[in-house]
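Following: one structure in structure tokens, then a few remarks.
The values are calculated or read from the model by the stated rules, or taken from the named source; none is laboratory data. This one's a predicted model, so the numbers in the text were calculated from it and none came from an experiment. With ideal geometry, Cβ positions are generated from the backbone for all residues, glycine too; neighbour counts draw on all protein chains shown. We work out accessible area using only protein heavy atoms, side chains counted, and drop any ligands, DNA or RNA first. Shrake-Rupley method; radii C 1.70, N 1.55, O 1.52, S 1.80 Å.
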Amino acid sequence: MNDTLTSDVTGRRVEVNGEHATVRFSGIVPPVAGLWLGVEWDNPERGKHDGSHEGTVYFKCRHPTGGSFIRPNKVNFGVDFLTAIKNRYVLEDEPEEEEKEQTVIIGNKPVETIGFDSVVKQQSQLSKLQEVSLRNCAVNGAGDKRGIAQACPNIRSIDLSKNLLSSWDDVIAIADQLKHLEVLNLSENKLRFPSGLPSPTGTFSMLKVLVLNRTGVTWAEVLRCASGWPVLEKLYLESNNIIISERPADVLQTVKLLDLSSNQLIDENQLFLIAYLPRLEQLILSDIGISSLHFPDAGIGCKTAMFPSLQYLVLNDNQISQWSFINELDKLQSLHALSCARNPLTEEGSKDAQTTRQFIIAKIGQLRTLNKCVIQPEERRGAELDYRKAFGNEWKKAGGHQDPDKDRPNEEFLAAHPRYQSLCLKYGAPEDGELKTPQPFLLRNELLTEIKYPNQLGQRVIEKQLPEEELRLERVSHILTVPEPLTSVLSVFHRIHDSSKGERLPVASPQSVCVRTSLVL
């Protein structure tokens, strides 16, 4: 576009050398002659100022370095939808032939045409399109009225992410011509949404998937437009600084998947406003900064009425550090799958990562998949048994007892371990023998105080007296100096204790006792 720009371009989206911006000003900027465009960059690091020049404010930016002045001939205002379609999808698969002259009848008059076959071929290619990707193709609007409907009426899925669409009206102008449209991706278009009337009835009558990531949409705008999405099933709203300000009333009732990732202003009280969407099965809450959760309508061991259909919950990259958060998730009626990676409670690489996984499985009884790994029946059984044993002593101290008539753990324990009692009913209360803490292996308690062995083959037997202090393996290895080779002449009369199995095992083989100067069990 040249320096004699006449139309009002304020609010238009433009592209300059691969960077996207919004025009905020068009006019003269003294003392330099000529027309200038004042733009606010999507990437504020690309700019130089806040819209001011020599003390005069020409436009305002959200960031102090988000603005620049640019000549009109340096910016790309984009192309219409149909032009972008033709640029990407009309291909000449066959070698070009010499265009033949052809006569067609228009009205009552014969008209000679050249290249008519080529036009028909292009139209045929476009009419077959069902899935279209125009990502980053500088699309700025619909173009000629009804042109899209005539050229490519069968489109069902469109990716229009990272283009130059300026407003929701631009989107409507395109979608209104695509009666079979089911999937629409508008991510990274900085759109102005309507402040008044909702979308025209019928424009999105078939739409099932809508992606509005990084579009700047607010929750109020979502609800305002949602009345025009009567069969919508999946809604993606990532990275929009959304605050859930009100409960959906008669809208979004068909939504099965809702993605609110990277909206850092959302808290648990806001989530309760969407807790009664009747068909919501998948909720994605990655990177929203949430750290606490409590369902006020459900006590210990009870199920909440909130999120009645929720089966899959994603909580990756948050601030969850307390087990009480995991306890609350067991209150969800239908929860079968959970992803909670990269939280303080579940840091990957931790030496206790496997134990953490076991505890989560034990705490959420109906869980079938954790962090995209299926929970097999044997894994669940092992996790629940280990959990029952790990907190058995704490349970006893809190008032737990093997005798059901005496089993009265206090509320503090039940709040920290809501499923413990049900695990006791499932597997039986832990016995005292299970709860004994293993003691460090002490050789003094398990080894005779005198060891006899030959110094050299055929020579006299040497006796070694062990000291009275407690001895461990490494200490004994320094006391004994056994030459190599060692034969069966060596006689060691002692027994060792295997604390892991509760058995006493005889050791008859010298090799099981000594290797060079180290005692090995």
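Please compute the net charge surrounding PHE272, taking Lys and Arg as +1 and Asp and Glu as -1 over other residues with Cβ under 10 Å from its Cβ.
Numbers: positive: ARG247; negative: ASP267, GLU268, ASP297.
That sum, taken over residues with Cβ under 10 Å, equals -2.
With 20 Å as the limit, write out which pairs from LYS406/LYS426; LYS86/LYS234; LYS234/LYS303; LYS179/LYS208; LYS128/LYS179; LYS162/LYS190 have Cα-Cα distances beyond it, or answer none.
Details: LYS406/LYS426 18 Å; LYS86/LYS234 29 Å; LYS234/LYS303 26 Å; LYS179/LYS208 13 Å; LYS128/LYS179 15 Å; LYS162/LYS190 9 Å.
Pairs exceeding 20 Å: LYS86/LYS234; LYS234/LYS303.
Can you give the Kirkwood hydrodynamic radius of the range 385-430 from its Cα pairs, in Å with one decimal?
On the way: mean 1/r = 0.0976 Å⁻¹.
So the Kirkwood estimate lands at 10.2 Å.
From the gyration tensor of the Cα coordinates in the range 317-363, what semi-axes in whole Å does the equivalent ellipsoid have, largest first, with each one equal to sqrt(5λ)?
On the way: eigenvalues 66, 27, 18 Å².
Result for the range 317-363: semi-axes of 18, 12, 10 Å.
Test of understanding: what is the full-extension gain from ASP8 to SER309, defined as 0.36 nm times their sequence separation minus their Cα-Cα distance? If you can, show how the numbers build up before the last one.
On the way: separation 301, 0.36 × 301 = 108.36 nm, distance 4.90 nm.
Length gained, ASP8 through SER309: 103.5 nm.
Sorting HIS63, HIS49 by accessible area (1.4 Å probe), largest first, what list results? Could you put the intermediate results ahead of the total?
Numbers: HIS63 80, HIS49 40 Å².
The residues order as HIS63, HIS49, largest area first.
Per residue, what volume in Å³ does the convex hull of the Cα atoms of the range 332-397 enclose?
Values: hull volume 7.2 nm³, N = 66.
Per-residue hull volume (Cα only) is 109 Å³.
Quick one: if you stick a label point 7 Å off each Cα along the C-beta vector at SER227 and ARG408, how many nm between them?
In this crude label model, SER227 to ARG408 measures out at 5.9 nm.
Can you figure out the FRET efficiency of SER334 with VAL90, using R₀ = 51 Å and their beta-carbon distance, to the nearest 0.05?
About 0.60, to the nearest 0.05.
Assuming a ≥ b ≥ c are the square roots of the Cα gyration tensor eigenvalues, decide whether the range 121-260 counts as rounded (a/c under 1.5), prolate (otherwise, with a/b larger than b/c) or oblate.
Numbers: a/c = 1.87, a/b = 1.62, b/c = 1.15.
It is prolate, given that a/c is not under 1.5 and a/b is the larger ratio.
Rolling a 1.4 angstrom probe over the protein heavy atoms, how many square angstrom per residue are accessible across the range 14-59? Numbers along the way, then the final one.
Numbers: 2300 Å² over 46 residues.
Per residue, the range 14-59 has 50 Å² of solvent-accessible surface.
Per-residue counts of other Cβ atoms within 10 Å, averaged by peptide: what ranking do you get for 379-388, 300-309, highest first? Spell out each step's value before the answer.
Details: 379-388: 17.5, 300-309: 15.5.
The most tightly packed comes first, giving 379-388, 300-309.
Keeping the other protein chains in place, figure out the carbon and sulfur percent of the accessible area of the range 245-339, with a 1.4 Å probe. Provide the component values of the computation, followed by the final result.
Details: 1800 of 3820 Å².
Taking all protein chains in place, the range 245-339 shows 47 percent carbon and sulfur surface.
Please list, in order, the residues from the range 292-331 whose amide nitrogen is less than 19 Å from a point placed 7 Å along the Cα→Cβ vector of GLU347.
The answer is 292, 316-326, whose backbone nitrogens lie closer than 19 Å to the label point.
Evaluate the range 1-72: find the radius of gyration of its Cα atoms, find its Kirkwood radius, and give the ratio Rg to Rh.
0.93
What figure in square angstrom, to the nearest 10, would you give for the accessible area of ILE361 with a 1.4 Å probe?
Here the residue's solvent-accessible area equals roughly 0 Å².
Keeping all protein chains in position, work out how much accessible area CYS373 exposes to a 1.4 Å probe, and write it in Å² to the nearest 10.
Accessible area of CYS373: about 70 Å².
Given R₀ = 41 Å, what would the calculated FRET efficiency be for VAL16 paired with HIS180, taking r from the Cβ atoms and rounding to 0.05? Present the calculation step by step, with values, prior to reporting the outcome.
Details: r = 36 Å, r/R0 = 0.87.
With a Förster radius of 41 Å, E is 0.70.
Using 7 Å Cα-to-Cβ label points, what is the ALA415/GLN322 separation (nm, one decimal)?
Roughly 0.9 nm, to one decimal.
To the nearest 0.05, what FRET efficiency results for ASN241 and ILE300 with a Förster distance of 35 Å applied to their C-beta separation? Show your work: numbers first, answer last.
Details: r = 36 Å, r/R0 = 1.03.
My answer for the efficiency is 0.45.
Which percent of the accessible area of the range 132-218 is formed by carbon and sulfur heavy atoms (probe 1.4 angstrom)? Let's see the in-between values first.
Numbers: 1680 of 3440 Å².
Roughly 49 percent, rounded to a whole number.
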